[in-house]
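One structure is given here, and the rest of the page talks about it.
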Amino acid sequence: MVKPGHPDVQIAGIHSHRENLRLLYTNVAGIRHIVLKSESAGSLSPEAATDEVASHNSLPLFAKLTSITLQTEKSPSKMMSTPLNQTSAPATKASCSFSIGDRIVPSRYFLAPLAGYTHLAFRRAIRELGGLGLATTDLVHATQLCGGHRHSLELVETHDDDQPLSVQIFGGNVDQLAAAARWLEDHGYSGIDINMGCPMAKVNGQGGGARLLCDADLACRLVGKVVNAVKLPVTVKMRLGWDRDTISSPYLARRFEAEGVQGITIHGRTRQQGFQGSVDLDGIAATVAAVDRIPIIGNGDVRSVEDAVHMRCVTGCSAVAIGRGAMLDPWIFRKLEDHEQGRVPREPSRDEQIRFLVRHFSLMTEQHADRSCFLFRKFAAWYGERLGIPDDLENRLRKFASVTEFDEIVAEVRIRHGERQSKMPTALIKVPNGPVERW
């Protein structure tokens, strides 16, 4: 029996609120163009969104749908009747795993794709710690994958212990995305994810990523073409919309479900926000309410067990995808598994922290040899605080040039572990500022 503090029970408690959202959504489901066609299609630009959507009589209802406040307590301390530092009743097997299409995923907590980070070595190192459900690759350019580009082939490289895995593809060319999906199916992959959330200008400029949120018909045609090209389950990762004036995720989620998509991950920010500001949990909840049966996976600002449980409780999402939070704390999935099983979440020991650092780098050298020294440097800013690396040694990790030098740094970390002045992860201090258009 599951106690009242368990997420599944709390989610059931907000069912009526989600039904209210669903009823509200039904009134606007017939709107043909909530989002706008892009300039390349000869129609309005995202910046002209307000003028276009204002012409729809049902827009006030749609706006209400995406901004409505769920009448649910949002404080983690009030949402959870059993504190996370106490033992609660074990979760049922059904609550720990679920399906995406015909794929059974062992946990409801996923590794979200992160450009430049969620490569094979990182995925394998995280999986070895336990608790991870589905992992997704770094985003892969569809055209380059079909053309056998070396970098794209590296991004999709996998291993027997790297399962379950989805490959995320991006691009604005419908035929090329379908071709990339067929390539992945022919090469034995088990799941395909379409990127409609990346805010980077270089991705949006090619018609991919979040730019697809600006043309509902193109996005749906693209999704339908990919779904019909393969027998594999196809999912989509997207944002709430282009900006606060064009929130489109509930409308698109419903249409994507009709096209045959088996699951949708929602990052609770708009493209305009980039990674600034706060995640809008009500926006994720509205997307959950808009679909009939497919799972919605929440994403954004999850850095602790409390954050993940809170997201599920407030939004009713079926699962949670964690990206930056997994780099700040690689043991977050193990902790979530502990919580789901009624155990006190375990913190890693000193030896476990150092062992993870070494293991990640070792796995990277298996794939990239000496180039790993360059590729690994960017992880130092994320790992330093969590792994107890002294500030000066973290700085050396950002510059090291050989395997021998890495070993020397690790030897010093073993002696000086915990001698760190800064309690703030360096990566959080250096989050990009300014308009996302300049990225």
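Descriptive notes on the structure:
- Here is the figure for region 357-401: residues that are closer than 17 Å to Pro425 by Cα and touching a residue at least 40 places away in the same chain (Cβ under 8 Å) total 10.
- Assessment of region 212-227 against the conditions (of a type in the set (A, V, I, L, M, F, W, C), assigned to a loop (DSSP other than H, G, I, E, B), open to solvent by less than 40 Å² (accessible area, probe 1.4 Å) and modelled with pLDDT of 95 or more) yields no matching residue.
- Residues that are in a helix (DSSP H, G or I) and among the aromatic types (Phe, Trp, Tyr), drawn from region 165-211: Trp183
- Hits in region 295-328 - residues which are part of a loop (DSSP other than H, G, I, E, B), without any contact (Cβ under 8 Å) to a residue 40 or more places away in the chain and among the hydrophobic types (A, V, I, L, M, F, W, C): Val302
- Residue list for region 93-112, restricted to those being of a type in the set (A, V, I, L, M, F, W, C) and either open to solvent by 40 Å² or more (accessible area, probe 1.4 Å) or not in a loop (DSSP other than H, G, I, E, B) (or both): Ala94, Cys96, Phe98, Ile100, Ile104, Val105, Phe110, Leu111
- Scope region 172-197; condition open to solvent by less than 10 Å² (accessible area, probe 1.4 Å) and over 17 Å from the mean Cα position of the chain (by Cα); matching residues: Leu177, Ala178, Ala180, Ala181, Leu184
- Scanning region 124-147 for residues that are at negative phi, touching a Ser or Thr at 6+ places or on another chain (Cβ under 8 Å) and either touching a residue at least 24 places away in the same chain (Cβ under 8 Å) or assigned to a loop (DSSP other than H, G, I, E, B) (or both) gives Leu132, Gly133, Leu134, Ala135, Thr136, Thr137, Asp138, Val140, His141, Leu145.
- Here Ala115 passes the criteria (1) assigned to a loop (DSSP other than H, G, I, E, B); (2) hydrophobic (A, V, I, L, M, F, W, C); (3) surrounded by 18 or more Cβ atoms within 10 Å (Cβ to Cβ) except the one numbered (3).
- Residues of region 412-425 classified as modelled with pLDDT of 95 or more and open to solvent by less than 50 Å² (accessible area, probe 1.4 Å), total: 2
- Looking at Gly298, Gly260, just one residue is on the phi > 0 side of the Ramachandran plot and either at pLDDT 95 or above or under 15 Å from the mean Cα position of the chain (by Cα) (or both), and that residue is Gly260.
- One residue from Gln144, Gln163, Gln168 being of a type in the set (S, T, N, Q), closer than 25 Å to Gly298 by Cα and open to solvent by 30 Å² or more (accessible area, probe 1.4 Å): Gln163
- Residue within region 268-291 that is open to solvent by 10 Å² or more (accessible area, probe 1.4 Å) and on the phi > 0 side of the Ramachandran plot present: yes
- Selection within region 376-393 - buried (at least 17 other Cβ atoms within 10 Å of the Cβ) and in a helix (DSSP H, G or I): Phe376, Phe379, Ala380, Ala381, Trp382, Tyr383, Leu393
- Exclusive hit being open to solvent by 60 Å² or more (accessible area, probe 1.4 Å), of a type outside the set (Ser, Thr, Tyr) and under 23 Å from the mean Cα position of the chain (by Cα), set Glu340, Glu347, Glu306, Glu366: Glu306
- Test: residue in region 344-358 that is farther than 24 Å from Ile415 by Cβ and small (Gly, Ala, Ser): no
- Scanning region 255-266 for residues that are open to solvent by less than 10 Å² (accessible area, probe 1.4 Å) and touching a residue at least 60 places away in the same chain (Cβ under 8 Å) yields one hit, Gly263.
- When every residue of region 265-279 is checked against the conditions, none turns out to be more than 15 Å from the chain's Cα centre (by Cα), farther than 30 Å from His187 by Cα and of a type in the set (A, V, I, L, M, F, W, C).
The values are calculated or read from the model by the stated rules, or taken from the named source; none is laboratory data. Just so it is clear, the structure is predicted and the values come from calculations on it, not from any experiment. Here the Cβ is made from the backbone with ideal geometry for all residues, glycine too, and neighbour counts use every protein chain on show. Protein only, heavy atoms only, side chains kept; ligands, DNA and RNA dropped before computing areas. Shrake-Rupley method; radii C 1.70, N 1.55, O 1.52, S 1.80 Å.
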